[in-house]
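To start, the structure under review is shown below, and the notes come after it.
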């Protein structure tokens, strides 16, 4: 289960809206306690995909190394990657699955007509298939 | 010995070890030694032909080995090697 604190959630939503109609992307950090992942910080990064950023995202290797360094310096765990799906559901595509890493949580934010429509999180299982994770956050749960 | 930095998502295959020291002459030797010591890493690092997967970047210092001598890139005692997973995706 992911527990997303309000600040990182607001920052992810702001990034998704600011980037619309392109896909945004970034990393999130926090602590893992048993089955619970508590997200306390995010790092927004440029979508470095050359070409169609409305349907694809890519993170430059240097930005990945910076994210590992940020986690190390702040004694946090790098827990996963977020990105947005403009005018599309918050469900991972086959392209998302092929490129996905084990262990990481993948948060997808659906943005429809410049409004946040949904947020869901996914993680690869042992068979390299995505399974949905529960998200806990007071503001999200109130709106559902 | 060279130091290889394991990215967070692959640490569960290295007993949660982030930095591993390996004695080898080149990147291929490092990867072979690493996957020998931690066999569960193999499917995440190598394709069926035994080559480094396209979704895996290997950096020697700050340089991608694709800009150096690929897997034949030489390794020195003080070399730091980073495995960098390619992070990508999209809605279709």
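Throughout, read-outs are computed from the coordinates displayed, never taken from laboratory work. Just so it is clear, the model here is predicted, and its values are computed rather than measured. A quick note on method: Cβ atoms are made from the backbone with ideal geometry, for glycine too, and the neighbour counts reach across all protein chains shown.
The table below lists the values:
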quantity	calculated
Antiparallel content of DSSP bridges confined to the protein assembly as shown, in %, to 5	75
At R0 = 35 Å, FRET efficiency that the Cβ-Cβ distance of residue B:3 and residue B:54 yields, to 0.05	0.90
Length-normalised contact order for the stretch B:2-85 - Cα pairs under 8 Å, 6+ apart - percent	41
Computed over chain A: relative contact order in percent, which uses C-alpha pairs under 8 Å that are six or more apart	25
Residue order, fewest to most beta carbons within 10 Å, for A:103, A:64	A:103, A:64
Fewest-first ranking of B:55, A:128, using other Cβ atoms within 10 Å as the exposure measure	A:128, B:55
Evaluated over the stretch B:2-85, the Cα radius of gyration and Dmax, each in Å	11.4, 31
CD proxy at 222 nm, helix term only [per DSSP H run n ≥ 4: -39500 (n - 2.57); per residue of chain A; nearest 500]	-8000 deg cm²/dmol
14 Å reach of a label modelled at residue A:140, 7 Å along Cα-to-Cβ, counting backbone N of the stretch A:94-129	A:105-111, A:116-123
Rg/Rh for the stretch B:22-64, where both radii come from Cα atoms and Rh is the Kirkwood radius	0.95
Cα-Cα pairs of the stretch A:1-84 separated by more than 15 Å (percent)	57
FRET efficiency for residue A:97 and residue A:10, using Cβ-Cβ distance with R0 set to 25 Å, rounded to 0.05	0.35
Quotient of Cα Rg and 2.2 N^0.38 Å for chain A, N being how many residues it contains	0.97
Spatial separation of Cα centroids for the stretch B:15-92 and the stretch A:72-144, in angstrom	27
Label-point separation in nm, residue B:42 to residue B:71, each point 7 Å along Cα→Cβ	1.4
